[in-house]
Amino acid sequence: MTEPRMVEISPVTRVEGHGKVTIHLDAENRVEEARLHIVEFRGFERFIRGRLMWEVPVIVQRLCGICPVSHHLAAAKAMDMIAGVDQLTPTAEKMRRLMHYGQVMQSHVLHFFHLAAPDLLFGFGAPAEKRNIFEVIKEQPELGKRAVLMRKYGQEIIEATAGKKIHGTGAVPGGINRNLPIERRDHFLASIDEMIEWAGDAVKLAKDYTIEHEELVAEFGSFPSNYMSLVRESDGALDLYHGNLRALSSTGDQIFDQVPYTRYHELIVEDVRSWSYMKFPFIDTLGPEVGWYRVGPLARMNTASFIDTPLADAAHKELKAVTSGTPNNSTLANHWARMIEVLHCVEKIWELLNDPDLQGSDLILSGERREEGIGVIEAPRGNLIHHYKVDEHDQVTYCNLIVSTTHNNEGMNRAVKDVAVKHLSGQDQITEGMLNHVEVAIRAYDPCLSCATHALGQMPLQVELFSADGALVDARTQCV
């Protein structure tokens with residue numbers, strides 16, 4: 001028997017942003033509780049207020065250096081609504097879609113090869129010094145080269161459509177500020193076939209891992225949940241840029257379907273917990289106990305009726321066949337789903353590069369101004385909601401952001417506890433490799449912790465003053 005104790009993983013590694021995990025053990029070394037804590041606070045929902053609506057699509061990108069395009073486009077879609085534009089010109093929409101597919105492609109490639117692959121290739125319990133991209137390149141140089149060049153391709157797509165690889169300015173309220181010159185199109189077409197081939201190989205790599213480790217995948221941080229994403233309005237197909245909201249239960253029953261995303265606040269409630277700066281959304285009609293849900297690549301594979309590109313659709317059917325068409329609840333299956341989306345994005349990029357609308361000159365529209373705008377997009381990590389209100393001076397008076405990692409908050413916490421219970425409970429000695437199992441469960445969601453740290457209501461700033469001997473002299477708390 002030992003004293004009850006707490007094990008802390010701080011920081012969680014190979015994720016974007018800063019977080020930690022606390023694991024509470026009883027006197028017999030059994031896991032009583034395990035939680036993912038988000039320990040940084042960004043506050044964009046507050047300080048975006050007062051800024052001009054035209055600035056917002058550029059400012060909000062500073063939430064993240066990994067998925068800035070997602071915030072850029074979600075905010076731009078909200079500002080389209082405020083500008084009175086319900087349908088962009090063909091050139092504007094297709095340029096934005098090209099930008100978005102480049103973003104999803106490069107982000108998924110970064111996560112799978114640079115952050116997750118060391119665990120998948122070398123084992124969750126491999127020495128820490130082994131689990132990094134440099135060891136992947138050393139042992140599998142061709143795989144490492146492809147990882148770098150595929151991400152480079154996606155980043156160059158972003159640069160061509162947004163003006164910069166990071167924090168671009170391409171999308172503006174009502175449209176886009178550039179088209180794609182012929183010479184840039186030809187540059188991308190020269191290597192698109194290679195990208196399609198490599199993306200197909202990546203799907204096979206992720207699929208083979210999932211099938212070869214069937215027992216591990218089935219039990220590792222896996223549990224039934226609800227799922228939510230955008231789907232195409234006309235037929236329920238996968239659509240990463242636009243669509244209506246669909247939510248399914250763990251057995252595939254519809255919770256809601258084809259609901260315009262401008263009504264998201266009628267469907268979702270955002271809860272808060274005392275131990276995290278990240279909110280806990282749930283479906284209002286189901287309540288917080290059973291109404292929580294997951295988003296992201298696997299959720300999109302579960303909710304989409306089909307994929308409208310042939311190679312990705314065939315891969316989607318293979319994934320769905322594993323669970324006989326019902327939702328897949330295996331956390332690690334996110335990696336397979338993520339690579340299917342890479343293949344889909346590359347196929348979509350090929351389609352768009354062959355579309356003459358990209359060279360059009362009709363870029364921006366305007367309409368009857370509104371005071372409120374909501375933009376929703378499927379970011380690499382899942383559903384992303386931007387909601388703004390502006391006054392008569394075009395200044396933002398209200399901002400609410402629900403990012404992908406926030407949607408997944410409850411799911412990640414349950415995955416952390418599930419893995420901790422299965423791999424740490426009853427162990428007399430807890431090794432670094434055991435703790436990495438917990439991190440693997442978190443990394444499967446590809447969380448962006450920087451994006452997710454927004455407060456609902458009041459956030460306390462606490463300042464304490466101590467004397468030289470350690471005594472507390474004074475304390476002040478201010479809500480910001």
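If DNA, RNA and ligands are ignored and the probe is 1.4 Å, what is the ranking of TYR264, TYR398 by accessible area, most exposed first?
Ranked from most to least accessible, the order is TYR398, TYR264.
Please check which bits of region 381-424 a label hung off LEU286 would reach, taking the label as a point 7 Å along Cα-to-C-beta and the cut-off as backbone N under 19 Å.
Those under the cut-off are 382-385, 402-418.
Mind giving me the nanometre distance, one decimal, between the label points for HIS393 and THR169, set 7 Å out from Cα along Cα→Cβ?
2.4
Assigning unit charges at the beta carbon (Lys, Arg +1; Asp, Glu -1) and nothing else, what dipole magnitude in debye, to the nearest 20, does region 61-199 show about its Cα centre?
Around 360 debye, computed over region 61-199.
What FRET efficiency do you get for ALA27 and GLU212 if R0 is 45 Å and r is their Cβ-Cβ distance, rounded to the nearest 0.05?
The pair ALA27/GLU212 has a calculated efficiency of 0.70.
Given a 1.4 Å probe and the protein chains all in place, what does the accessible area of GLU142 round to, in Å² to the nearest 10?
Only protein atoms counted, so the area is about 90 Å².
Which ³J(HN,Hα) values, rounded to whole Hz and listed in residue order, are derived for region 282-299 from phi using the Karplus coefficients 6.51, -1.76 and 1.60 in 6.51 cos²θ - 1.76 cosθ + 1.60 with θ = phi - 60°, glycine and proline given as x?
8, 6, 4, 5, 9, x, x, 6, 10, x, 5, 8, 10, 10, x, x, 5, 4
Using R₀ = 30 Å, calculate the FRET efficiency as 1/(1 + (r/R₀)^6) where r is the Cβ-Cβ separation of ASN177 and THR323; round to 0.05.
0.10
Which entries of LYS145/LYS317; LYS94/LYS279; LYS130/LYS422; LYS130/LYS417; LYS389/LYS417 have Cα-Cα distances beyond 31 Å here?
LYS94/LYS279; LYS389/LYS417
Any idea how far apart ASP186 and GLN258 come out in nm if each label point goes 7 Å out from Cα toward Cβ?
The two pseudo-label positions are separated by 4.5 nm.
With n ≥ 4 as the cut-off for DSSP H runs, can you work out [θ] at 222 nm for the chain, using -39500 (n - 2.57) per run divided by the number of residues, rounded to the nearest 500?
-12000 deg cm²/dmol
Want the number for GLN140 to SER366: 0.36 nm per residue separation, take away the alpha-carbon distance, what's left?
Taking 0.36 nm per residue and subtracting the Cα distance, the gain is 76.2 nm.
Out of all DSSP beta bridges with both ends in the chain, state the antiparallel percent to the nearest 5.
Percent antiparallel among DSSP bridges in the chain is about 95.
Compare the Cα positions of VAL7, GLY50, LEU121 along the charge dipole of the chain (+1 at Cβ of Lys, Arg; -1 at Cβ of Asp, Glu; about the Cα centre) and return the one farthest towards the positive end.
GLY50
Excluding ligands and nucleic acids, what accessible area in Å² is computed for GLU439 using a 1.4 Å probe, to the nearest 10?
10
Please give the charge dipole size of region 146-230, origin at the Cα centre, charges +1 on K and R Cβ atoms and -1 on D and E Cβ atoms. Round to the nearest 20 debye.
In debye, rounded to 20, region 146-230 gives about 660.
Order of 4-10, 70-76 by packing, highest average Cβ count within 10 Å first?
The packing order, highest mean first, is 70-76, 4-10.
Treat every Asp and Glu Cβ in the chain as -1 and every Lys and Arg Cβ as +1, leave all other atoms uncharged, and give the resulting dipole magnitude about the Cα centre to the nearest 20 debye.
700
Which percent of the accessible area of region 129-196 is formed by carbon and sulfur heavy atoms (probe 1.4 angstrom)?
Here it works out to 54 percent.
Give me the number: length gained by fully extending ARG62 to PHE306, i.e. 0.36 nm times residue separation minus the C-alpha to C-alpha distance, one decimal in nm.
84.5 nm
All other residues with a Cβ under 12 Å from the Cβ of ASP201 taken together, and with Lys, Arg as +1 and Asp, Glu as -1, what is their net charge?
Summing Lys/Arg as +1 and Asp/Glu as -1 gives -1.
Between SER107, MET95, ILE66, whose Cα lies farthest towards the positive end of the dipole of region 62-125 when Lys and Arg beta carbons carry +1 and Asp and Glu beta carbons carry -1, centred on the Cα centre?
Final value for the positive-end residue is MET95.
Given a Förster radius of 35 Å and the C-beta distance between GLU194 and GLN87 as r, what FRET efficiency does 1/(1 + (r/R0)^6) yield to the nearest 0.05?
0.50
Would you kindly find the accessible area of LYS130, with a 1.4 Å probe and non-protein molecules such as ligands, DNA and RNA excluded, rounding to the nearest 10 Å²?
For LYS130, solvent-accessible area is about 50 Å².
Among GLY154, VAL203, GLY236, pick out the residue whose Cα is farthest towards the positive end of the charge dipole of region 114-258, where Lys and Arg carry +1 and Asp and Glu carry -1 on C-beta, about the Cα centre.
The listed residue farthest towards the positive side: GLY154.
The values are calculated or read from the model by the stated rules, or taken from the named source; none is laboratory data. Note that the coordinates shown come from a computational prediction; the quantities given were computed from them, not determined experimentally. So basically every Cβ, Gly included, is an ideal-geometry build from the backbone, and we count neighbours across all protein chains shown. SASA here: full protein model, heavy atoms, side chains in, ligands and nucleic acids out. Shrake-Rupley method; radii C 1.70, N 1.55, O 1.52, S 1.80 Å.
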